[in-house]
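Visitor: Once you've had a glance at the structure underneath, I'll fire off some questions.
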Amino acid sequence: MDTTHTDMTKANKRKYALEKFSSKLFLVCALLSVFSLVLIVGFVFYKGATPFVSGEYSFINFLFASDWVPSEDKFGIWPMIVASLYATIGALVIGVPVGLFTAIFLAEIAPKSVAKILSPAIQLLAGIPSVLYGVFGLAIIVPFLQNNLGLARGQSLIAVIIVLAIMMLPTIVTVSETAIRAVPKAYREGSLALGASQIGTIFKVIVPAAKSGILAAVVLGLGRAIGETMAVILVAGNALIVPTSLTDSVRPLTTNIALEMGYAAGTHQEMLFATGIVLFSFILILNFVLSKLSKGGQ
Amino acid sequence: MRQAKDAVLRGLLWASALVSIGVLLLIVGFIFYKGIGYISFDFIFGDYSPTGGGGILPMIVTTIYTIIISLVIATPLGILAAVYLQEYAKQGRLVNIIRFATESLTGIPSIIYGLFGAVFFVATLKLGMSILAASLTLTIIVLPVIIRTTEEALKTVPQSYREGSLALGTTKLQTLYKVILPSAMPGILSGIILSIGRIVGESAAIFLTAGTVAAMPDSIFSSARTLTVHSYLVTQESGDIGLAAAVGIVLIVLIFFINMTATFISKKLNKADF
Amino acid sequence: MERGYKATKINVDKLNLFYGDKQALFDVSLNIQEKEVTALIGPSGCGKSTFLRTLNRMNDLIEGVRVSGDITVDGENIYTSQDVIKLRTKVGMVFQKPNLFPMSIYDNVAYGPRMQGIKNKKVLDALVEESLRGAAIWDEVKDRLKTSALGLSGGQQQRVCIARAIAMKPDVILMDEPTSALDPISTLKVEELISELKKDYTIVIVTHNMQQAARISDKTAFFLNGEVIEYDETDVIFQTPNDSRTEDYITGRFG
Amino acid sequence: MERGYKATKINVDKLNLFYGDKQALFDVSLNIQEKEVTALIGPSGCGKSTFLRTLNRMNDLIEGVRVSGDITVDGENIYTSQDVIKLRTKVGMVFQKPNLFPMSIYDNVAYGPRMQGIKNKKVLDALVEESLRGAAIWDEVKDRLKTSALGLSGGQQQRVCIARAIAMKPDVILMDEPTSALDPISTLKVEELISELKKDYTIVIVTHNMQQAARISDKTAFFLNGEVIEYDETDVIFQTPNDSRTEDYITGRFG
Amino acid sequence: ACSDGQQADQATSGDGETIAISGSTSVGPLAEKLAAKYETDVNVNIEVNQIGSSAGITNAMNGVSDIGMSSRDLKEEEKEAVEEVVIAYDGIVVVTHPSNSVKDVTMEQVKQIFTGEITNWKQLGGDDLEIVVVSREDGSGSRDAFQEIVGYSSGELIRNAIVASGNGNIKTTVATNKHAIGFISFEYIDETIGTLNINGVAPTADNVLNNSYALARPFLFVHQAGLHEAGEQFIDFILSSEGQDIVEEAGAIRLD
Ligand SMILES: Nc1ncnc2c1ncn2[C@@H]1O[C@H](COP(=O)(O)OP(=O)(O)OP(=O)(O)O)[C@@H](O)[C@H]1O
Ligand SMILES: Nc1ncnc2c1ncn2[C@@H]1O[C@H](COP(=O)(O)OP(=O)(O)OP(=O)(O)O)[C@@H](O)[C@H]1O
Ligand SMILES: [Mg+2]
Ligand SMILES: [Mg+2]
Ligand SMILES: O=P([O-])([O-])[O-]
């Protein structure tokens, strides 16, 4: 064969050129999301930092004061920080197990024919507009809570948690189900052959093997929950109090932004962007914790 | 003891599935119950009237436009980005940064995307309030979903496939599109379907960038109203839940067909390769 | 053909197996004696693995598999009795391709016992060590018990698989070419182990290695195209086979 | 040690390889002759697969692998020259575990040639048939070429892997225990094939089977704990080894 | 879609020019009806985007839209950048659950309810139910006007008031809660909610026009100084009696 030349063959040269080009292209694609993030963060910071940079307002005050009366220049978001924290944790506590267990059910327990119908049906849920989730919450969940818990108002932290948990479901179910299905058959066989029960096999071998995908499901589901506004506005009540019980009305950070942005101007608008900065930090911390969590387990 | 634990877990699995399915039926049932009375030929094909809510054909068209444009941009971008992260990049700081950025993007509320889009695409890039500006904004919204799910799908492709292919003197690129991407298809597809859901379900990010003009769009540079924005406005201003739900019915049917099409296409793509 | 002093452990009667439309086993009848080593030999694709996997019902996992005929273990029909878990605890298996879980070596071996409810760390430690020693791999891995089992070489992995099966202390061990990925020394060790185990356990082993079959087994069954052509004492099969195809195969003249 | 009339095909000089901190190969130097069969033997985990995989740079794929030393193929340093594709087209490989793609049998075998740009159906058909025949599997699969390769038995899969490698018509074929999953007849066929191939090709084979090494190889290298203990004509290794450890190993007294 | 470039050829093709309008969601439906009528008579293309008063004003200021719609008064700095035209008035109604037996309140009582001094319907002669106050969001034109006329400030609003965005959401909230009280635009009243008379005066357009019903505020169009011909003509149309008839039809209150 052609061993006389150390040169690359012509065809291979082309392949390498293509290879090099494509890897650059892929990198550019990957950097695009960084670029978007930087742009958006930059935009939000640019808008939101003004009142504090100019020294007119104190950021600490902004974080820890409990009064939010824009028309009187009072901007304190402490109640909203607390509300966001509770709502997110609550939604995770309900949404993750239910979603994950549903995914397991679909991938491992349900007969193939049943899963074939249910999986796409649940994916359909992902496409229902959040407004309609909100309407559903307002027309069904809120009155239900009102009537059954004897509340004066059903718009409450618990209503937010339920709606968010429902909205996370399709993402968590779909992504985890795919991850679970991708676990090699050999693991399943190995475990069953050791006399492990189906349930034992699922929880001891399959779920751990699908851990990475399941974590992705949680991150994406969480993103949906944190980023959600339209549904939450309708069921949260948006009252400006620090919630002390599940039945209190709340105003999470996101709803504060969405609720008032349409009419806000000047400092009020800047303060809404500042709320965005806080929300960002919240997301960053959460993602950081989650990624640490996923590394810790590996 | 062990059997008892198994039974409890099995019970939980069933219960969760029943809850999920129950919720699904409840919501879909609610939407159909409230909205079905509004559905008529005129509701879809008639002239739009600000009061009656009829004539939502322009919104159906706009919705389809946004789905197609966003997917056409976001799908290749997202898949290639995931390929870079999973197959090309040295796992290190850069990759961690990209991954972190991607994940952080998922949690940003859509209203912020909308405001950003209004400033960046609409005003700075001078696209005006238009379907295109909205689609670009939506692209950024769904990018993380596609990247993350594709990455996970790539992780599940057995290393032996890569080795087998590369040992035959193929390039990474050939290995990628002949062996790796086809076997990652199911995961990628679920990412795309979730993205479709996100695109279709979005309102705040769209009405700030595409506006709410209730007329048939002439082109992707037209300002227009999607179905979801319509149901948002209806809920927001007139509080006509039945009308909002009727729009929801149309959406559900639409998504059903789009998801089926996506599944079909991905199966076709798979067949073509194997 | 049978010696009276050993009880029947597994009885297979007129077993037929289909993968969808494709029949892979034809009227297989075998009588596997307690505390003996039974070797299954035959050309590639003749159905040895398929047969082996019916004995602990691993074929249940493959969609479209249909089975007819009777299999009893200790007189109990394994397909009508529902307790598949009990069956698989009693009938352990080592697969053709090593299939360790993505966990540490220790966790892999301790997996089965833990599933049986054994929690005591001392007991588990002892069991893991004993099993790994039994599978002739202890010395190589004793310093890295807590590292991922997937970083081991192919042969090392297969021996950990054997250890994992032994740790269950089953009645019967099914082995699908357990030594095909091993070097001669490990092979020898595993063979010695098999001879050791057979004092207490019943062993069914698929092997492509005629010498191995001859060395370690008491009975040998020769499979061809999904049928059992001949089943007898190993000595008989290797020295005075009844069927000319058996002779052709073991002398390498076949095919 | 070398016969003058055969050229050096692969030259390995002071090769060291690390998996992260763990060194797996120590100062390995070997001279592989053109159109010969070189067997690599040694106990499980001694580094045979690792060594084999350096020859076509498959270890590049494993994160954290560091290599030092020189390897030349046809006088060209494979680690400094960038053309890894050419290297791998020239140096084919059959892995320890069969690793067919989830495609049809035909597409698996035609995969490599297609990637080289061969599109003509007739040419491909002929190549696929020739390769499958060469790997002694044609008769078993000729009626199901278009069905998924993953439905084949372990042994059948391995032979299709061999066919897939042959279809590339490489200069050198690296084989990692290619017959460990095969029955004696298929093994024999593959061994015959190797003897056939060696007329044109250079073959490096890892095997646990001493008889096989003795039967088919011209040279044999004995590995132990990542080192080459002895490398010589196969006759010499098996009859008058220099090192006592080699002798211990091949006579099975080792360990 | 926009007044700048992109669509230049489209806008000029035919003689139909485009008028881009954006802003308040409460003015939006009225603007859509006006536009629909106007477009049948004149060959122009009117785009109405309902995106909120502030966004509309911003768009008008930076030229993304020709006209902004606002349901709130302009801030000082906004007044410098754009001109405003009142195109109609909008009445605000205090609403309750239809089953609520309280039908008549004084303005003072309204204030006491929204500031938390009156917390139970029985204090007003109704059932023994806690009052749940539902307000619009801070920045809303309706809320600004409502608070100003009733006479309390945002800071005084009872803390646990439910805040809903948009007339529709208040309507749905009040319609599903026996405890609730809120306020919405005239346009959106129907049988799903009950309305309250203030100081004995019913919430009707006539009562607004004769100044006996005080809860009303203006709907504004805003634009930059040199608005193009087509825009000017559209505004003229709205202010004409034909335009004002449409205003009345839509449930808003005509200027004259
Ligand atoms: N999942 C499956 N679906 C369809 N056919 C199968 C499947 N598994 C095995 N077969 C077929 O059944 C026959 C018997 O396969 P089996 O794996 O039992 O062979 P074997 O004797 O173990 O071969 P080897 O020695 O190569 O492992 C073969 O023809 C094989 O192609
Ligand atoms: N990816 C890896 N990471 C870390 N260590 C590895 C890796 N692959 C192999 N090793 C270690 O390197 C050593 C050599 O492994 P190698 O697979 O080359 O052995 P081998 O001689 O081929 O054994 P066998 O005959 O069992 O296949 C072993 O100790 C093994 O555990
Ligand atoms: Mg087999
Ligand atoms: Mg090896
Ligand atoms: O939506 P409004 O500004 O009219 O309250």
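The values are calculated or read from the model by the stated rules, or taken from the named source; none is laboratory data. Quick caveat, the model's predicted, so the values are computed rather than measured. As a convention, Cβ positions derive from the backbone with ideal geometry for all residues, glycine included, and neighbour counts pool all protein chains shown. In case anyone asks, the SASA skips ligands and DNA or RNA and just uses the protein heavy atoms, side chains included. Shrake-Rupley method; radii C 1.70, N 1.55, O 1.52, S 1.80 Å.
Visitor: How far apart, in nanometres, would the label points at B:Phe45 and B:Thr261 be if each is projected 7 angstrom from Cα along the Cα-to-Cβ direction?
Guide: My value for the distance between the label points is 1.9 nm.
Visitor: Now for a different question. Among B:Glu237, C:Glu63, B:Glu87, what's the order by accessible area (1.4 angstrom probe), most exposed first?
Guide: C:Glu63, B:Glu87, B:Glu237
Visitor: Check C:Lys9: other-chain or 5+ apart residues with amide H under 5 Å from its amide H, H built from backbone geometry?
Guide: Result for C:Lys9 returns C:Ile32, C:Gln33, C:Glu34.
Visitor: Please report Rg (one decimal) and Dmax (integer) in Å for the Cα set of the range D:1-121.
Guide: Answer for the range D:1-121, Rg first and Dmax second: 16.2, 49 Å.
Visitor: Quantify how strongly other chains surround peptide B:128-135 by giving the mean number of their Cβ atoms within 10 Å of each of its Cβ atoms.
Guide: Across the residues of B:128-135, the mean count of other-chain Cβ atoms within 10 Å is 4.
Visitor: Rounded, prolate or oblate for the range A:1-110? Axes are the square roots of the Cα gyration tensor eigenvalues, ordered a ≥ b ≥ c, and the cut-off for rounded is a/c under 1.5.
Guide: Judged from the Cα gyration tensor, the range A:1-110 comes out oblate (a/c at least 1.5, b/c at or above a/b).
Visitor: Taking chain E as a Gaussian network, Cα atoms linked when under 10 Å apart, which of E:Ala202, E:Ala35, E:Ala225 shows the biggest mean-square fluctuation?
Guide: With Cα springs under 10 Å in chain E, the top fluctuation among E:Ala202, E:Ala35, E:Ala225 is at E:Ala225.
Visitor: Okay, next question. So how tilted is helix C:154-166 from the main axis of chain C? Cα-based, degrees 0 to 90, rounded to 10.
Guide: The angle comes out near 90 degrees.
Visitor: Oh, and also: Give me the Kirkwood hydrodynamic radius of the range E:77-131 in Å, from all C-alpha pairs, to one decimal place?
Guide: 14.1 Å
Visitor: Which is farthest toward the positive dipole end of the range D:81-214 among D:Pro170, D:Thr202, D:Pro98, measuring Cα position about the Cα centre, with Cβ charges +1 (Lys, Arg) and -1 (Asp, Glu)?
Guide: Result: D:Pro170.
Visitor: If you wrap a convex hull around the Cα atoms of chain D, how much volume per residue is inside, in Å³?
Guide: Hull volume normalised by residue count: 131 Å³.
Visitor: Let me ask something else about it. Run the simple label-point estimate for C:Ile62 and E:Val42 please: 7 Å along Cα→C-beta, distance reported in nm.
Guide: In this crude spin-label approximation the distance works out to 7.9 nm.
Visitor: From Cα pairs below 8 angstrom and at least 6 apart in sequence, can you work out the relative contact order of chain A, rounded to a whole percent?
Guide: 26 percent
Visitor: What is the extension gain from A:Lys211 to A:Phe64, computed as 0.36 nm multiplied by their sequence separation minus the C-alpha to C-alpha distance, in nm to one decimal?
Guide: 49.2 nm
Visitor: Follow-up question, since we're still on this one. Among D:Ile216, D:Ile185, D:Ile173, whose mean-square fluctuation peaks in a Gaussian network model of chain D (Cα, cutoff 10 Å)?
Guide: Comparing D:Ile216, D:Ile185, D:Ile173 in a Gaussian network model of chain D, the most mobile one is D:Ile185.
Visitor: Return one number: the angle in degrees, 0 to 90 and rounded to the nearest 10, between the long axis of the Cα atoms of helix A:157-181 and the longest principal axis of the Cα atoms of chain A.
Guide: Relative to chain A, helix A:157-181 is tipped by roughly 0 degrees.
Visitor: Testing the spin-label approximation: label points 7 Å from Cα along Cα→Cβ at B:Asn96 and A:Lys292. State their distance in nm.
Guide: Going by the 7 Å Cα→Cβ label model, 1.3 nm.
Visitor: Report the Stokes-Einstein translational diffusion coefficient (µm² s⁻¹, integer) for the range D:146-255, Rh taken as the Kirkwood radius over Cα pairs, at 37 °C with viscosity 0.692 mPa s.
Guide: Once the numbers are plugged in, D ends up at 214 µm²/s.
Visitor: Give the long-range amide H neighbours of A:Tyr263: residues separated by 5 or more places, or on another chain, with amide H under 5 Å away, using H modelled in the peptide plane at 1.01 Å from N.
Guide: Here E:Ser54 satisfy the definition.
Visitor: What's the longest piece of chain E with no exposed GluC sites (Glu not before Pro), counting a site as exposed if DSSP puts it in a loop and it has at most 15 other beta carbons within 10 Å?
Guide: E:1-116
Visitor: Could I ask something else about it? Name the chain D residue with the Cβ nearest the axis that maps D onto C: which is it, and what is the distance in angstrom?
Guide: D:Ser180, 2
Visitor: To make sure I understand the rule: partners must be lysines, Cα under 18 Å from the Cα of A:Lys10, and not fewer than 8 residues away in the same chain. Which ones qualify?
Guide: A:Lys20, B:Lys172, D:Lys86, D:Lys90
Visitor: OK, next. Could you tell me what percent of the DSSP beta bridges with both partners in the range D:8-250 are antiparallel, to the nearest 5?
Guide: 60 percent
Visitor: Just tell me which aspartates and glutamates come within less than 15 Å, Cα to Cα, of D:Lys146; anything on the same chain fewer than 8 places away is out.
Guide: B:Asp273, D:Asp107, D:Asp125, D:Glu129
Visitor: Return the sequence-ordered ³J(HN,Hα) values of the range A:214-226 in whole Hz as given by the Karplus equation 6.51 cos²θ - 1.76 cosθ + 1.60 applied to θ = phi - 60°, using x for Gly and Pro.
Guide: Karplus values, whole Hz, x for Gly and Pro: 5, 5, 4, 4, 5, 4, 5, x, 4, x, 4, 5, 5.
Visitor: Let me know the shape class of chain A, please: from the alpha-carbon gyration tensor, a ≥ b ≥ c as square roots of the eigenvalues, rounded when a/c is under 1.5, otherwise prolate if a/b is greater than b/c, or oblate.
Guide: oblate
Visitor: Now, a different point. With a 1.4 Å probe on protein heavy atoms only, work out how much accessible surface A and D bury together, total over both chains, in Å² to the nearest 100.
Guide: Approximately 900 Å² gets buried when A meets D.
Visitor: Taking only Cα atoms, what is the 0 to 90° angle, nearest 10, from helix E:229-239's long axis to the longest principal axis of chain E?
Guide: Long axis of E:229-239 versus the principal axis of chain E: about 30 degrees.
Visitor: What percent do you get for the relative contact order of chain D when only Cα pairs under 8 Å and 6+ apart count?
Guide: It comes to 26 percent, rounded to a whole number.
Visitor: Next question, about the same structure. Any residues in the range A:262-281 that have 40 Å² or more less accessible area with all protein chains than in their chain alone, probe 1.4 Å, and which are they?
Guide: So the qualifying set is A:Gly262, A:Tyr263, A:Ala265.
Visitor: Give the separation of the Cα centroids, the range A:185-206 to the range C:48-115, in Å.
Guide: When both Cα centres are located, 10 Å separates them.
Visitor: In whole Hz, what ³J(HN,Hα) sequence does the range B:120-126 give by Karplus (6.51, -1.76, 1.60; θ = phi - 60°), x for Gly and Pro?
Guide: So the J values, rounded to whole Hz, are 7, 6, 6, 8, 5, 7, 6.
Visitor: Quantify, in whole percent, the carbon and sulfur part of the accessible surface of the range D:8-250 (1.4 Å probe; protein heavy atoms only).
Guide: Taking all protein chains in place, the range D:8-250 shows 47 percent carbon and sulfur surface.
Visitor: Let me ask something else about it. With springs only between Cα atoms under 10 Å apart, run a GNM on chain D and tell me which of D:Lys119, D:Lys90, D:Lys189 wobbles the most.
Guide: Judging by the Gaussian network model, the answer is D:Lys119.
Visitor: Using amide H atoms built 1.01 Å from N in the peptide plane, name the residues 5+ places from C:Leu224, or on other chains, whose amide H lies under 5 Å from its own.
Guide: For C:Leu224, whose amide H was placed from the backbone, the distant partners under 5 Å are C:Ile229.
Visitor: Next question. Kindly give Rg over Rh for the range B:40-270, based on alpha-carbon atoms, with the Kirkwood expression for the hydrodynamic radius.
Guide: 1.05
Visitor: Averaged across A:248-257, how many Cβ atoms of other chains sit within 10 Å of each residue's Cβ atom?
Guide: Neighbouring Cβ atoms belonging to other protein chains average 3 per residue here.
Visitor: Further, regarding this structure: In percent, how large is the relative contact order of chain B, given Cα pairs closer than 8 Å and 6 or more residues apart?
Guide: Relative contact order comes out at 27 percent.
Visitor: Related question: How big a patch of accessible area, both sides summed and in Å² to the nearest 100, lies buried between A and B at a 1.4 Å probe?
Guide: When A and B are taken together, about 7400 Å² of accessible area is lost.
Visitor: With r defined as the distance between the Cβ atoms of C:Glu129 and C:Arg215 and R0 fixed at 30 Å, what FRET efficiency is calculated, to the nearest 0.05?
Guide: After rounding, the FRET efficiency stands at 0.65.
Visitor: Convert each backbone phi in the range A:247-264 into a coupling constant with the Karplus relation 6.51 cos²θ - 1.76 cosθ + 1.60 (shift: θ = phi - 60°), then list the ³J(HN,Hα) values in order as whole Hz, x for Gly and Pro.
Guide: Listing the rounded values in order: 8, 6, 5, 9, 10, x, 3, 4, 5, 4, 5, 5, 5, 10, 4, x, 10, 7 Hz.
Visitor: In addition: Which whole-percent values make up P(r) of the protein assembly as shown when all C-alpha to C-alpha distances are grouped in 10 Å steps starting at zero?
Guide: Once binned at 10 Å, the Cα pair distances of the protein assembly as shown give 2, 8, 15, 18, 16, 12, 10, 9, 6, 3, 1, 0, 0.
Visitor: Report the Cα centroid-to-centroid distance between the range B:1-21 and the range B:107-172 in angstrom, as an integer.
Guide: Here the answer is 37 Å between Cα centres.
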